[in-house]
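Read the structure below first, then the notes.
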Amino acid sequence: MTALSKRAMGMKYIKRAASTVACLVFAYVAALAFPRPLFSHHMVYQNYEIWSDQAIPPEISSVLDDTTRRLRTSELYKPDWTIRVFFCNANWRMWLYGGHFTSKIGGGADTILTRNVYLRSSDIAANRLNAPDGGPLNDAAVRPLSYFIAHEAAHIIESREFGRLMYFRHPIWLTEGYADYVGKGGNFDFAENRRLLMSDDQLLDIRRSGLYRRFQLEVSYLINNGLSVQQIFARPPNEDDLLKALKKNPHTE
């Protein structure tokens, strides 16, 4: 085989590989854009549209009522906005739609393409998200299923208010901290969490706990000091400076 033939053969393989990758990307984007055919159960309740790969129990209404209570703590919430929630009880669906290519997360929000919310396997009747490892859920007392729906829906609200690319324009402590602020629905002990921060407790370290407590503490501090959500997102402070101020001059109202 001549050098010219080898080069032509190499180009042929490259084009074939590029075509395969393009088809896979197209198929993935199409699956993200049109997820409904993969979820056989559907219902509408107030401003919620719910899809699931398993039957949806009637207790979903009380879960969504509590979700709404939490969302109303946000000054950005508009009750006429439709919130679309997909329950991915099968791990492969959570892997596909969760946004992180893993089934080990609680949920995800597509803030760019569809503004859909995706939740992992859940016991809707018990208002409980099932932990990825099958064990007890961390911070379960303040994180029922309605918390997870409200947290992810808060990301959709952030996207509607601050743009589809808000994740790229704002720091993670702000986007996740505000989502947790809304998700907790007021069930957050500021003084206790500040005490844990001062003692370097692992619950305030996302790398050790997987929780957004420190982020919520930072956002709560700014809101407690009279800033609106729009003001915070318009000019988010440096996180190191924010932590120094929080440790020095707490505001607990």
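Taking the criterion of being modelled with pLDDT of 95 or more, among the hydrophobic types (A, V, I, L, M, F, W, C) and within 14 Å of the chain's Cα centre (by Cα), the residues of region 151-175 that qualify are A153, A154, I156, I157, I172, W173, L174. Do we find that M166 is of a type in the set (A, V, I, L, M, F, W, C), crowded, with 16+ Cβ neighbours inside 10 Å and farther than 18 Å from D139 by Cα in this structure? Judged against the criteria, M166 is a match. Could you tell me whether T114 is surrounded by fewer than 18 Cβ atoms within 10 Å (Cβ to Cβ) and among the β-branched types (V, I, T)? So T114 passes the test. Contact map, region 205-224: residues that are of a type in the set (F, W, Y) paired with residues that are part of a helix (DSSP H, G or I), Cβ distance under 6 Å, separation 6+ or inter-chain. Pairs shown: Y212/E176; Y212/D180; F215/W173; F215/E176; F215/G177; Y221/L246.
Got a sec? Which helices (runs of 4 or more DSSP H) wholly within region 185-253 have at least 3 residues that are in contact with a helix residue (DSSP H, G or I) (Cβ under 6 Å, 6 or more places away or on another chain)?
On the way: elements: 190-198, 206-209, 213-224, 229-234, 239-248.
Output list reads 190-198, 213-224, 239-248.
Applying the set (1) hydroxyl-bearing (S, T, Y); (2) surrounded by fewer than 23 Cβ atoms within 10 Å (Cβ to Cβ); (3) within 22 Å of the chain's Cα centre (by Cα) to Y178 leaves exactly one unmet item: (2).
State whether the residues of region 135-154 include one that is among the acidic types (D, E), part of a strand (DSSP E or B) and either surrounded by 15 or more Cβ atoms within 10 Å (Cβ to Cβ) or touching a Ser or Thr at 6+ places or on another chain (Cβ under 7 Å) (or both). Give the derivation first.
The first filter runs over region 135-154 and keeps only residues among the acidic types (D, E), leaving 139, 152.
Restricting the remaining residues to those that are part of a strand (DSSP E or B) gives none.
No, there is no match, as no residue in region 135-154 is among the acidic types (D, E), part of a strand (DSSP E or B) and either surrounded by 15 or more Cβ atoms within 10 Å (Cβ to Cβ) or touching a Ser or Thr at 6+ places or on another chain (Cβ under 7 Å) (or both).
The values are calculated or read from the model by the stated rules, or taken from the named source; none is laboratory data. Given the structure is predicted, the values throughout are model-derived calculations rather than measurements. No Cβ is skipped: glycine too gets one built from the backbone with ideal geometry, and neighbour counts run over all protein chains shown.
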